[in-house]
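Okay, so here's the structure we're looking at.
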Amino acid sequence: MSRVVRVAGSLRTVRDTLSRIRAQMAMRDAIGWSQFLADEYWEYRSQRDEKVCPICEANDLDHLFIGDEISTKFPSNTYREKPKEVHPQVHIDNPWLKGECRCSLFWMNFPEILYDRLHEELLRETLG
Ligand SMILES: [Zn+2]
Ligand SMILES: [Zn+2]
């Protein structure tokens, strides 16, 4: 789906709107986006071998998590290899589990959801 932002009005209005859009984009460039929000879909994947524990296996069966569930369901998810992949560290959250959790969570609607968020922000800027 294409995302369009229309800018119309007097020359002065157009100039002001474009400069608000530029400022908004510069702000996002500088600070980026929050992660683990309700519009994100994350897929849980265990290694699916004989060493996977029952808790990790159950998460794999549940499979899809919404971004804002992740910090409560996997509070030790801090280890991050890439922006769209985190390691849920299920075994740190459940200390009676032996060995290391080798599971990953993959951000499925990345980067599309960031385009959606930016589009919404830029639409707001055009409203003045
Ligand atoms: Zn496990
Ligand atoms: Zn695991």
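Computed from point charges on the beta carbon alone (+1 for Lys and Arg, -1 for Asp and Glu), the dipole magnitude for the stretch 41-107 about its Cα centre is near 200 Debye.
Just checking the listed ones, ILE31, ILE92, ILE21: in the Gaussian network model of the chain with Cα springs under 10 Å, the one fluctuating most is ILE31. Modelled this way, with points 7 Å down the Cα-to-C-beta line, the labels at TRP96 and ASP62 are 1.8 nm from one another. Long hydrophobic helices in the chain: none of the complete DSSP H runs spans 20 Å or more by Cα along its own axis with mean Kyte-Doolittle hydropathy of at least 1.0. Shape analysis of the stretch 41-107 based on the Cα gyration tensor places the equivalent ellipsoid semi-axes at 17, 13, 11 Å, largest first.
Our note on the geometry: Cα centres of the stretch 100-121 and the stretch 18-72, 5 Å apart. When the chain is treated as a Gaussian network with alpha carbon springs shorter than 10 Å, the biggest mean-square fluctuation among SER19, SER46, SER104 belongs to SER19. Over the chain, the hull volume per residue, using the convex hull of the C-alpha atoms, is 111 Å³. Using the Cβ-Cβ distance between ILE31 and VAL7 with R0 set to 25 Å, the FRET efficiency from 1/(1 + (r/R0)^6) comes to roughly 0.55.
Taken about its Cα centre, the chain carries a charge dipole of about 720 debye when Lys and Arg each add +1 at the Cβ and Asp and Glu each add -1 at the Cβ.
Look at LEU127, LEU105, LEU122 and count the other Cβ atoms within 10 Å of each Cβ; fewest to most, that gives LEU127, LEU122, LEU105. Among VAL90, VAL4, the order by Cβ neighbours within 10 angstrom, fewest to most, reads VAL4, VAL90.
Largest mean-square fluctuation among GLU40, GLU50, GLU69, in a Gaussian network model of the chain whose springs join Cα atoms under 10 Å apart, belongs to GLU50. Among TRP96, TRP107, TRP33, TRP42, the ranking by other beta carbons within 10 Å of each residue's beta carbon, starting with the fewest, stands as TRP96, TRP33, TRP107, TRP42. Since only ILE113, VAL5, TRP33 are under comparison, the one whose Cα sits farthest along the positive direction of the charge dipole of the chain, derived from C-beta charges on Lys, Arg, Asp and Glu, is VAL5.
A short reminder: the numbers here are calculations on the coordinates, not readings from a lab. Just so it is clear, the structure is predicted and the values come from calculations on it, not from any experiment. Positions of Cβ are generated from backbone atoms using ideal geometry, with glycine treated the same way; all protein chains shown enter the neighbour counts.
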